[in-house]
Amino acid sequence: MEGDCLSCMKYLMFVFNFFIFLGGACLLGIGVWVMVDPTGFREIVAANPLLITGAYILLAMGGLLFLLGFLGCCGAVRENKCLLLFFFLFILIIFLAELSAAILAFIFRENLTRESFTKELTKHYQGNNDTDVFSATWNSVMITFGCCGVNGPEDFRFASVFRLLTTGSDEVPEACCRREPQTRDGVLLSREECLLGRDPFVNKQGCYTVILNTFETYVYLAGALAIGVLAIELFAMIFAMCLFRGIQ
């Protein structure tokens, strides 16, 4: 009876670790996609230090879970106490780190609000100055997504640095101008009319709404995946310790 219970525990441990292995692969894939994605998500991440830090944490966690899932599978199949103990301790550290990251994300969520992005844009945006990382990033985002400012073209009326560096007649930066097609290499419909803020030639939608609508599904998927990985890790730790105690 005890042997059957141990055997069942071993296979359950293998199954949970296989899911951790897959979860780690998914997190690693999402992290890599965020960093190299050509559709503009990389620029959004680069615009906020918290997001870029989160992307690197995602890569690190994904890589560790990928390796530890493989390690746990080996430990379960071979019934190796040393591997199981090593696996338990590292999963525990990762579990606590992920929990801490989730708590910090909740605490600092106000840094990712519409108001905070608007404040940063009006304070630091320098127009077509591509030597400034912040401005170059925002230009890439606006061109890629066909949007203007955080809320719309009106944001640039209050952008102090932008108003100081550009001529008084420029209502919006060139990055807000409509293009055909809407890519960096696209031809401006009318640069002069756009800079004057004329409606048919300016992208009117704010980037916050456009980006939120574009990536809303991905955010929910990432959240569901994170919760699933945490639950699997918890069960894997329980089964690892039970298997460790059951091995003679």
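Partner lysines whose Cα lies under 23 Å from the Cα of LYS123, excluding those fewer than 8 positions away in the same chain, are identified as LYS204.
Binning the C-alpha pair distances of segment 136-248 at 10 Å intervals from 0 yields a P(r) profile of 13, 31, 19, 10, 10, 9, 6, 2, 0 %, listed from the shortest bin outward.
Near SER190: Cβ cut-off under 13 Å, other residues only, Lys/Arg at +1 and Asp/Glu at -1. The net charge is -1.
Straight-line cross-link partners of LYS81 among the lysines, defined as a Cα under 21 Å from its Cα and at least 8 positions apart when in the same chain: LYS10. Subtracting the Cα-Cα distance of PHE90 and VAL32 from 0.36 nm times their residue separation leaves 18.6 nm of extension gain. For segment 237-242, the Karplus equation 6.51 cos²θ - 1.76 cosθ + 1.60, evaluated at θ = phi - 60°, returns couplings of 5, 4, 5, 5, 5, 5 Hz by residue, with Gly and Pro reported as x.
Bear in mind that the values in this text are calculations on the coordinates, not laboratory data. These numbers come from a predicted model, not from an experiment. Here the Cβ is made from the backbone with ideal geometry for all residues, glycine too, and neighbour counts use every protein chain on show.
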